[in-house]
Amino acid sequence: MTWPTGLTRGYIATAVIGARYSASEYLDAMAVRMKVGGLMGRFNQTYDVLVTPTLPLPAFPAGQDVPDDSASPDWTSWTPYTYPFNLTQQPALSVPCGFTTAGLPIGLQIVGARHADALVLRVGQAYQSATDWHLRSPGLLAEEV
């Protein structure tokens with residue numbers, strides 16, 4: 001198959017894997033997705049937003065799908081806090097919230113109920129109004145200036 005230019009190797013690898021599934025398997029997966037979405041919908045009946053780290057590890061070199069020491073070639077192995085909300089179709093926002101001891105940025109993820117994009121943006125704005133992390137440069141960049 002010919003792929004459009006500009007797609008990453010990881011994206012193409014994921015598409016190739018996805019092409020192996022039958023329509024029935026796809027519909028089964030969509031049923032699970034809807035079930036998880038329903039569970040998160042119930043969560044959001046009690047809680048307006050969920051706040052998590054954006055990632056469980058520091059940044060690694062651009063252009064890599066996984067960090068150097070990853071036991072898995074799959075990007076989902078290092079994105080446990082972000083990809084589930086793509087599946088449940090919930091809006092999520094990452095805002096700066098600090099730096100590692102090596103000077104790499106750390107993100108705070110704010111997740112809302114489906115269709116609560118405006119609320120997620122308001123919470124992110126409120127956080128940034130109360131902190132100054134978004135105004136600071138990572139130590140690595142500050143040294144280059």
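The values are calculated or read from the model by the stated rules, or taken from the named source; none is laboratory data. Worth saying up front: this structure is predicted, and the values here are computed from it rather than measured. With ideal geometry, Cβ positions are generated from the backbone for all residues, glycine too; neighbour counts draw on all protein chains shown.
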(message) What's the number of the only condition in (1) more than 28 Å from residue 136 (Cβ to Cβ); (2) part of a helix (DSSP H, G or I) that residue 85 fails to meet?
(response) (1)
(message) Residue under question is residue 75, and the condition is that it be touching a residue at least 12 places away in the same chain (Cβ under 8 Å) and touching an Asp or Glu at 6+ places or on another chain (Cβ under 6 Å); does it hold?
(response) yes
(request) Of the conditions (1) touching a Phe, Trp or Tyr at 6+ places or on another chain (Cβ under 8 Å); (2) at pLDDT 90 or above; (3) exposed (fewer than 15 other Cβ atoms within 10 Å of the Cβ); (4) not hydroxyl-bearing (Ser, Thr, Tyr), residue 20 clears all except one; give me its number. (result) (1)
(request) Of all residues in the stretch 55-72, count the ones that are without any contact (Cβ under 8 Å) to a residue 40 or more places away in the chain and either touching a Cys at 6+ places or on another chain (Cβ under 8 Å) or under 20 Å from residue 11 (Cβ atoms) (or both). (result) 9
(message) Can you find a residue that is at pLDDT 95 or above and in contact with a Lys or Arg (Cβ under 6 Å, 6 or more places away or on another chain) anywhere in the stretch 90-108?
(response) yes
(request) Return yes or no: is residue 66 assigned to a strand (DSSP E or B) and either within 25 Å of residue 18 (Cβ to Cβ) or over 17 Å from the mean Cα position of the chain (by Cα) (or both)? (result) no
(message) For the stretch 14-31, check the following and say yes or no: at least one residue is part of a helix (DSSP H, G or I) and of a type in the set (Asp, Glu).
(response) yes
(message) Out of the residues in the stretch 69-82 meeting the condition of being part of a loop (DSSP other than H, G, I, E, B) and among the β-branched types (Val, Ile, Thr), tell me which one is surrounded by the fewest Cβ atoms within 10 Å (Cβ to Cβ).
(response) 79
(message) Among the residues of the stretch 88-129, what is the count of those that are surrounded by 14 or more Cβ atoms within 10 Å (Cβ to Cβ) and not in a strand (DSSP E or B)?
(response) 17
(request) Check off (1) small (Gly, Ala, Ser); (2) part of a helix (DSSP H, G or I); (3) surrounded by 14 or more Cβ atoms within 10 Å (Cβ to Cβ) for residue 59 and give me the number that stays unchecked. (result) (2)
